[in-house]
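The values are calculated or read from the model by the stated rules, or taken from the named source; none is laboratory data. No experiment lies behind these values; they were computed from the predicted model shown. Neighbour counts are summed over all protein chains in view; Cβ atoms, including those assigned to glycine, are modelled from backbone coordinates with ideal geometry. In case anyone asks, the SASA skips ligands and DNA or RNA and just uses the protein heavy atoms, side chains included. Shrake-Rupley method; radii C 1.70, N 1.55, O 1.52, S 1.80 Å.
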Amino acid sequence: MSNRLNDFGQPIGDPVPDWTGCAHPGHKAMQGVYARLVSLDPLSHAQDLFDAYRQDTTGQTWTYNYIGPFNTVSNLKIWMDKASGNDTQPYFAIVNNDTGKAQGIASFMNIRPSHGVIEIGGITLAPALQRTRVSTEAIYLMMHRAMNQLGYRRLEWKCDALNAPSRAAALRFGYSFDGVFRQAAVYKGRNRDAAWYSLLDLDWPRVKRGFTQWLAAENFDESGQQRRRLKDLITSEPDTGTV
């Protein structure tokens, strides 16, 4: 909390000198060791995504999602036609580098470049992508794009407050819990209380080091099992204030 006062004796926030805002993230691809993110394209990704999503025979992938489920590839493509190329919410296909197949989607949303605020959301992972290095690196690539390449001050993560896996993922990725916005939305005929999480630029160096150490090849044994948990690496690393 700032201790600064203006000429009227009123408390005011800390100065942000020479702030000029950030660039829009756009649709530029992001390349990693295990994953790459490319602008969502119905012609290139619809069939791959449909095949990947239908491996979930229960439909639970879509419970906390505004979209889906998609019972046919045509229905998925109709949604993709509307979502792809949208500057308000740039969607990306998450491609597994080992298979070359798209197995999930994610987006930048609630983009406010003048304030340096951006959200990573709209994430839908097929079963094959869940709890893998591919999906973790994909989120890291988006965080890196926003924080390192574009200079955003605040990353946001929001989900249905009842979505325990998404809430756990936010903490695992280094976000801090901000609170619950009650009755924030109505979707699929039911109420949504929204849990908000944030990651600030001052915390990013520590979080980035944790991701870098977790994604390193030596952090995984011969069977692909992690040696150290991402959450532990993020919380154990001292913050030196450098990236």
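Quick one: in the range 132-187, what % of C-alpha pairs are over 17 Å apart?
Taking all Cα-Cα pairs of the range 132-187, the fraction more than 17 Å apart is 47 percent.
For an R0 of 22 angstrom, estimate the FRET efficiency from the Cβ-Cβ distance between Asn191 and Gln89 and round to the nearest 0.05.
Rounded to the nearest 0.05, the efficiency is 0.45.
Accessible area of the range 1-73 with a 1.4 Å probe: how many percent of it is carbon plus sulfur?
53 percent
Give me the accessible area of Ile67, 1.4 Å probe, in Å² rounded to the nearest 10.
Solvent-accessible area, nearest 10 Å²: 30 Å².
Give me the extension gain from Gln226 to Asp201: residue separation times 0.36 nm, minus the current Cα-Cα distance, reported in nm with one decimal.
Additional length available on full extension: 6.3 nm.
Give me the tail of P(r) for the chain as a percent: Cα-Cα pairs with distance above 23 Å.
Tail of the P(r) past 23 Å holds 54 percent of the pairs.
Just going by the charge dipole of the range 100-174, with Lys and Arg at +1 and Asp and Glu at -1 on Cβ, which of Asn148, Ile123, Cys159 is farthest out on the positive end?
Asn148
In debye, nearest 20, what is the charge dipole magnitude of the chain about its Cα centre with +1 on Lys and Arg Cβ and -1 on Asp and Glu Cβ, if you could check?
380 debye
Tell me, what does the Kirkwood hydrodynamic radius of the range 107-164 come to in angstroms if you use every pair of distinct C-alpha atoms?
Over the range 107-164, the inverse of the mean reciprocal pair distance is 12.4 Å.
Once label points are set 7 Å from the Cα along Cα→Cβ at both Ala184 and Gln130, what is their separation, rounded to one decimal in nm?
Each label point is offset 7 Å from its Cα along the Cβ direction, giving 2.1 nm.
Amide H neighbours of Phe220 under 5 Å, at least 5 residues apart or on other chains, H built in the peptide plane: list them.
Arg227
Taking the simple approach of a point 7 Å from Cα along Cα-to-Cβ for both Asn65 and Ala216, what is their distance in nm?
About 3.5 nm separates the two model spin labels.
Report the FRET efficiency, 1/(1 + (r/R0)^6), for Asp14 and Asn148, where r is their Cβ-Cβ distance and R0 is 30 Å, rounded to 0.05.
0.85
Taking the Cα centre of the range 112-243 as origin, sum charge times position over the Cβ atoms of Lys and Arg (+1) and Asp and Glu (-1), and report the length of that vector in debye to the nearest 20.
That gives a dipole near 360 debye.
Using only the alpha-carbon atoms of the range 40-139, report the extent along each of the three principal axes, biggest first, to the nearest angstrom.
Here the spans come out as 42, 30, 26 Å, largest first.
Can you list the residues, at least 5 places off or on another chain, whose amide H is less than 5 Å from the amide H of Ile94, using H built in the peptide plane?
For Ile94, the qualifying residues are Gln103, Gly104, Ile105, Ala106.
Enumerate the amide H contacts of Tyr152 below 5 Å, restricted to partners 5 or more residues apart or on another chain; note that Pro and chain-start residues carry no placed amide H.
Under 5 Å from the amide H of Tyr152: Met147.
Have a look at the range 189-228 and give its Rg and Dmax from the Cα atoms, expressed in angstrom.
For the range 189-228, the Cα radius of gyration and maximum Cα-Cα distance read 16.5, 47 Å.
With just the Cα atoms defining each centre, how far is the range 109-151 from the range 4-66? Give it in Å.
Spelled out, the Cα-based centre of one part sits 4 Å from the other.
Ignoring ligands and nucleic acids, what accessible area does Lys158 show with a 1.4 Å probe (Å², nearest 10)?
40 Å²
At 1.4 Å probe size, with every protein chain present, just tell me what the per residue accessible area of the chain comes to in Å².
54 Å²
Report the semi-axes of the equivalent ellipsoid for the range 1-54 in whole Å, largest first, where each axis is √(5λ) for an eigenvalue λ of the Cα gyration tensor.
48, 14, 11
Tell me, what is the percent relative contact order of the chain, built from C-alpha pairs under 8 Å that lie six or more residues apart?
Across the chain, relative contact order equals 15 percent.
Please report Rg over Rh for the range 100-243, where both radii come from the alpha carbon positions and Rh follows the Kirkwood definition.
A ratio of 0.97.
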